[in-house]
1. Along Cα→Cβ, 7 Å out, is where each label goes; now give me the distance between the ones at ALA21 and ILE58 in nm to one decimal.
2. For GLU31, what is the net charge nearby, where nearby means another residue's Cβ is under 15 Å from its Cβ and Lys, Arg count +1, Asp, Glu -1?
3. Under a point spin-label approximation (7 Å from Cα along Cα-to-Cβ), what is the ILE90-ASP117 distance to one decimal in nm?
4. Based on a Kirkwood Rh over C-alpha pairs, give the Stokes-Einstein translational diffusion coefficient of the range 26-121 at 37 °C and viscosity 0.692 mPa s in µm²/s.
5. Modelled label-to-label distance, LEU109 and ASP49, 7 Å Cα→beta-carbon offset: nm?
6. With Cβ to Cβ distances under 14 Å as the rule, what net charge do the other residues near MET100 carry (K, R +1; D, E -1)?
7. Subtract the Cα-Cα distance of PHE5 and GLN67 from 0.36 nm times their separation in residues, and report this length gain in nm to one decimal.
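Read-outs throughout are calculated quantities, based only on the coordinates presented, and are distinct from any laboratory measurement. No experiment lies behind these values; they were computed from the predicted model shown. A quick note on method: Cβ atoms are made from the backbone with ideal geometry, for glycine too, and the neighbour counts reach across all protein chains shown.
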Amino acid sequence: FLFHFTVSQERERAAREELHAASQRWKEAEEGHRRETRELRAEVAARDDALRRLESRIKCLENENEQLEKNEKELKDNMEGLLQSKEAFIKHYEAGAMLMELHNMEIALHKFQDIFDSIGHEVIKRSSPVSNSQDVTEDVNREKLER
């Protein structure tokens, strides 16, 4: 009986030691899992923070892109307006220059007409009927003398 009792005590002690060792391993594993969980939560929080920052940056870039597109459209519209204004100015300038040229030509034409008119009046004065008849008379008298 004593043998069984000793064996039983020995088994009980071994079982307690095994239970205590298993409990220690369980606690160590549980602490390891807690530590790993904390690390994973910190990593997830860091990734979430990085994701929020990236999403915020994406939103800023989208807004900047939208503003750039608006600015580009405004610039294109302004450039188109400026080109149209330039073309209108050039046409107006050319029309004005042509009118000025035409006016100058009209002035020159009037001056030429005045010159030709004055030359014509001078020719008419010199070849008036009185002077023509005098010339004819002088020509007749010369012919008589020469004969």
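1. Label-label distance for ALA21 and ILE58, simple model: 5.4 nm.
2. +1
3. Placing both labels 7 Å beyond Cα along the Cβ direction yields 4.2 nm.
4. 151 µm²/s
5. 8.9 nm
6. Taking every other residue near MET100 into account, the sum is -3.
7. 13.3 nm
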